[in-house]
Amino acid sequence: DQQVKQNSPSLSVQEGRISILNCDYTNSMFDYFLWYKKYPAEGPTFLISISSIKDKNEDGRFTVFLNKSAKHLSLHIVPSQPGDSAVYFCAASDPGGYNKLIFGAGTRLAVHP
Amino acid sequence: NAGVMQNPRHLVRRRGQEARLRCSPMKGHSHVYWYRQLPEEGLKFMVYLQKENIIDESGMPKERFSAEFPKEGPSILRIQQVVRGDSAAYFCASSPDYRVRGTEAFFGQGTRLTVV
């Protein structure tokens, strides 16, 4: 039972343009979401998060949008840079009371010049 | 302030051998989570430990896998009698306080286990 889904395994974007990565979830009890970025042979690094009491959170070039009614969130990167090329994981914080994370399968972003 | 340290980075084991993966959390962190990433998949939760206690092992296979986090020393994920299907990247994450839900967990660089 996949509770967090990233349906696009890959995305290719030109440098300077917007990258939009999407994520869907099924459990309405999820109330906190995070995006992690992962380079090959490294561990995931935290990028940005959003609580379910908000519909938008912004940090520099990164913005996460949350649509609770659709159980959908998206990560926008503007402008995209070649260094953004990585795998991006969407994760939900398990409502059980501690920092257990439920990850999507990831989207591989390639930003080309 | 050193990050989460995992070792070894790469581990090759023959079928039937034991694999031991180590994780030292960030300084001041007493909560450790282990995740497994199979090829082309996301990270899957395995176990959550605090010092000397297993809090949630709902993601651990029932047999051959065990984890500990002793009072002194790193957390250990132990896989007995490894099989080819155990080949994966194993990541450890730590956090300072379980009550602070949703804050970022800090991940180590992972151990890539290959079973031949």
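The values are calculated or read from the model by the stated rules, or taken from the named source; none is laboratory data. These figures come from a predicted structure and were not determined experimentally. Cβ placement follows ideal geometry from the backbone for every residue including glycine, while neighbour counts extend to all protein chains displayed. Areas reflect the complete protein model, heavy atoms only, side chains present, ligands, DNA and RNA absent. Shrake-Rupley method; radii C 1.70, N 1.55, O 1.52, S 1.80 Å.
A few comments on the model shown:
- Heavy-atom accessible area, probed at 1.4 angstrom with all protein chains present, ranks A:Val78, B:Val4 as A:Val78, B:Val4, highest first.
- Ignoring aspartates and glutamates fewer than eight residues from B:Lys51 along the same chain, the ones with Cα atoms less than 18 angstrom from its Cα are B:Glu68, B:Glu72, B:Asp97.
- Carbon and sulfur %, accessible surface of the protein assembly as shown computed with the full protein complex present, 1.4 Å: 48
- Note on A:Lys71/A:His112: beta-carbon distance plugged into 1/(1 + (r/R0)^6) with R0 of 35 Å gives a FRET efficiency of 0.65.
- Using the Cβ-Cβ distance between B:Ser87 and A:Asn7 with R0 = 30 Å, the FRET efficiency computed as 1/(1 + (r/R0)^6) comes to roughly 0.70.
- For the cross-link pairs B:Lys44/B:Lys71; A:Lys54/A:Lys100; A:Lys54/B:Lys62; A:Lys100/B:Lys71, the ones whose C-alpha atoms lie over 32 Å apart are A:Lys54/B:Lys62.
- Relative contact order, whole percent, for chain B stands at 37, derived from Cα pairs under 8 Å and 6 or more residues apart.
- On association of chains A and B, roughly 2000 Å² of accessible area becomes buried (total for both chains; probe 1.4 Å).
- Separation between Cα centres of the range A:27-58 and the range A:4-19, rounded to whole Å: 16
- Residues in the protein assembly as shown average 49 Å² of solvent-accessible surface per residue, probe 1.4 Å, ligands and nucleic acids excluded.
- Percent of beta bridges antiparallel (DSSP, the protein assembly as shown, rounded to nearest 5): 90
- Simple Cβ-charge dipole of the protein assembly as shown, Lys/Arg +1 and Asp/Glu -1, about Cα centre, in debye nearest 20: 520
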